[in-house]
Amino acid sequence: MDYSDKRRYRRLPVLVDCRVEGASGRAETRLTDLTPVGCYVDTTIAFPAGSTVTLYAALGEGEVPLSGRVIPMQQSGWGFGMEFVDLDAAAQQQLQTYYQQHAAN
């Protein structure tokens, strides 16, 4: 099923270094898609759908912690989708600033 017409935000293709931590482990990895409400994490570690993870991503000036939950993805390859949940104000601002600056390019 194609969800592109149901998205609230345009996916921003990125290559952002990050690390992900959750119950299934910890891994150095990268983001390959980003929106203000979620992202796609490219990794070989399996994180169960619905599990809570924290992503530490290099967005602009410094690393930002992005907490969220793993969402099921219908695409092939390795990785998982993540919906951001309960971001603090500073993380939300850094994410928005990064997204807006790169979406304009």
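Do we have R19 as assigned to a strand (DSSP E or B) and either at pLDDT 90 or above or more than 11 Å from the chain's Cα centre (by Cα) (or both) here?
The answer is yes for R19.
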Let me spell it out: the conditions are (1) touching a residue at least 60 places away in the same chain (Cβ under 8 Å); (2) exposed (fewer than 15 other Cβ atoms within 10 Å of the Cβ), and E61 meets all of them except one. Which number is the exception?
(1)
For region 68-79, does any single residue satisfy the condition of being among the aromatic types (F, W, Y), crowded, with 16+ Cβ neighbours inside 10 Å and in contact with a Ser or Thr (Cβ under 7 Å, 6 or more places away or on another chain)?
no
Please go through (1) under 28 Å from A104 (Cβ atoms); (2) free of Cβ contacts under 8 Å to residues at least 60 places away in the same chain; (3) not in a strand (DSSP E or B) for G68 and return the number of the only condition it doesn't satisfy.
(3)
Give region 55-68 a look and list any residue that's modelled with pLDDT of 95 or more and not hydrophobic (A, V, I, L, M, F, W, C), or say none.
Y56, P65, S67, G68
Could you tell me whether region 40-51 includes any residue that is under 14 Å from the mean Cα position of the chain (by Cα), at pLDDT 90 or above and among the aromatic types (F, W, Y)?
yes
Across region 27-58, what is the total count of residues that are of a type in the set (G, A, S) and either in contact (Cβ under 8 Å) with a residue 60 or more places away in the chain or within 19 Å of R8 (Cα to Cα) (or both)?
1
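The values are calculated or read from the model by the stated rules, or taken from the named source; none is laboratory data. Since this is a predicted model, take the numbers as computed values, not measurements. Cβ sites come from the backbone with ideal geometry, for glycine too, and all protein chains shown count toward neighbours.
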